[in-house]
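The values are calculated or read from the model by the stated rules, or taken from the named source; none is laboratory data. What you see is a predicted model, and the numbers here were worked out from it, not measured in a lab. Ideal geometry is used to build each Cβ from the backbone, glycine not excepted, and the neighbour counts take in all protein chains shown. Heavy atoms of the whole protein, side chains included, go into the accessibility calculation; ligands, DNA and RNA do not. Shrake-Rupley method; radii C 1.70, N 1.55, O 1.52, S 1.80 Å.
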Amino acid sequence: MRLILLGPPGGGKGTVAKRLQAELNIPVISTGVILREAIDKKNKLGIEVENIMRKGGLVPDHIILEIIKERIKQEDCKNGYIFDGFPRNIKQVNSLEELNKELNKYIDYVFYFEIPFSEIIQRLSNRRVCKKCSTNYNLSFNPPKKDNTCDLCGGELYQRADDKEETIKNRLKVFAKQTTPLKKYYKEKKLLKVIDANLSENAFLAIKKVLRGMH
Ligand code: AMP
């Protein structure tokens, strides 16, 4: 099964993606996580993208497509994958379609995470992420049991460089301009399911319900 989670930053895609991964036994492919790992490693890719990400812009499409191409050909993707944060503009959509055509694969569903913009700023500025396993926490409604420590793996929590207020505004602008047109596109393709993402538990259950209806 091949799924796309689409929606604004802070909409809870990452959290739901991890739960779906455990449930469906297919990997999450998060371009944001892959890029942040490259920045931590200070490798060529990381150096190239660090500034763009800090400002909340989009990394060039050819870089993203290289990452995706290589990742979906790996063995653990043979039964499918969950995209979190990809595609993010129409060019990436078209490239994904070409790539899937070559591989004789297709996307089953695109889940759009609907959440009021007013909610997003609150969520992002309170978000903390585990350095080791990239689990997300929210200091107000989903805090870790022990300060600055991941409940799951004991890793250290940090605030993403792009979760600062100024960058958040830019990310939302970029999302509105470049990513929201994908909603209409996938609706026309009859792949879109709109999910109420106010609570991540409800979003997860709503997706499961849709998937159960598949069989
Ligand atoms: P995310 O973790 O999905 O919020 O992504 C964090 C940042 O990584 C974004 O603000 C972009 O700078 C970059 N990024 C992640 N995925 C993509 C993508 N598909 N296309 C372009 N840039 C991306």
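Counting only residues that are loosely packed, with under 11 Cβ neighbours inside 10 Å and within 23 Å of LYS101 (Cβ to Cβ), which one in region 43-75 is farthest from the ligand (Cβ to nearest atom)? Restricting to residues being loosely packed, with under 11 Cβ neighbours inside 10 Å and within 23 Å of LYS101 (Cβ to Cβ), the top hit is GLU75.
Of all the criteria given as (1) out of contact with any Phe, Trp or Tyr (no Cβ under 8 Å at 6 or more places or on another chain); (2) on the phi > 0 side of the Ramachandran plot, the one not satisfied by GLY12 is (1).
Residues considered: ASN170, ASN202. Of these, the only one that is part of a helix (DSSP H, G or I), surrounded by 12 or more Cβ atoms within 10 Å (Cβ to Cβ), in contact (Cβ under 8 Å) with a residue 12 or more places away in the chain and over 15 Å from the mean Cα position of the chain (by Cα) is ASN170. Under the condition of being among the β-branched types (Val, Ile, Thr) and more than 15 Å from the chain's Cα centre (by Cα), the residues counted in region 51-89 number 3. Please go through region 177-192 and pick out each residue that is assigned to a helix (DSSP H, G or I) and either open to solvent by less than 50 Å² (accessible area, probe 1.4 Å) or in contact (Cβ under 8 Å) with a residue 60 or more places away in the chain (or both). Scanning region 177-192 gives GLN178, THR179, PRO181, LEU182, LYS183, TYR185, TYR186. In region 10-42, the residue that is surrounded by the most Cβ atoms within 10 Å (Cβ to Cβ) out of those that are in a loop (DSSP other than H, G, I, E, B) and not hydrophobic (A, V, I, L, M, F, W, C) is GLY10.
Confirm whether LEU35 is within 10 Å of the ligand (Cβ to nearest atom), within 16 Å of the chain's Cα centre (by Cα) and among the aliphatic types (A, V, I, L, M).
yes
Take LYS18 and decide whether it is among the basic types (Lys, Arg), farther than 18 Å from VAL174 by Cβ and within 15 Å of the ligand (Cβ to nearest atom). For LYS18, the condition - among the basic types (Lys, Arg), farther than 18 Å from VAL174 by Cβ and within 15 Å of the ligand (Cβ to nearest atom) - is met.
So that you can scan it fast, the table gives a plain yes or no per residue for (1) away from the ligand (no atom under 13 Å from the Cβ); (2) modelled with pLDDT of 95 or more; (3) surrounded by 14 or more Cβ atoms within 10 Å (Cβ to Cβ):
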position: SER95; (1), (2), (3): no, yes, yes
position: LEU103; (1), (2), (3): yes, no, no
position: ILE107; (1), (2), (3): yes, yes, yes
position: TYR112; (1), (2), (3): yes, yes, yes
position: PRO116; (1), (2), (3): yes, no, no
position: GLU119; (1), (2), (3): yes, no, yes
position: ARG128; (1), (2), (3): yes, yes, yes
position: SER134; (1), (2), (3): no, no, yes
position: PHE141; (1), (2), (3): yes, no, no
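When LYS209 is tested against (1) over 16 Å from LEU3 (Cβ atoms); (2) of a type outside the set (A, V, I, L, M); (3) open to solvent by 50 Å² or more (accessible area, probe 1.4 Å), exactly one condition is not met: (1).
Scoring LEU157 on the criteria (1) modelled with pLDDT under 95; (2) crowded, with 19+ Cβ neighbours inside 10 Å leaves a single failure, condition (1). Residues in region 83-93 that are more than 9 Å from the ligand (Cβ to nearest atom) and either open to solvent by less than 70 Å² (accessible area, probe 1.4 Å) or of a type in the set (A, V, I, L, M, F, W, C) (or both): ILE90, VAL93.
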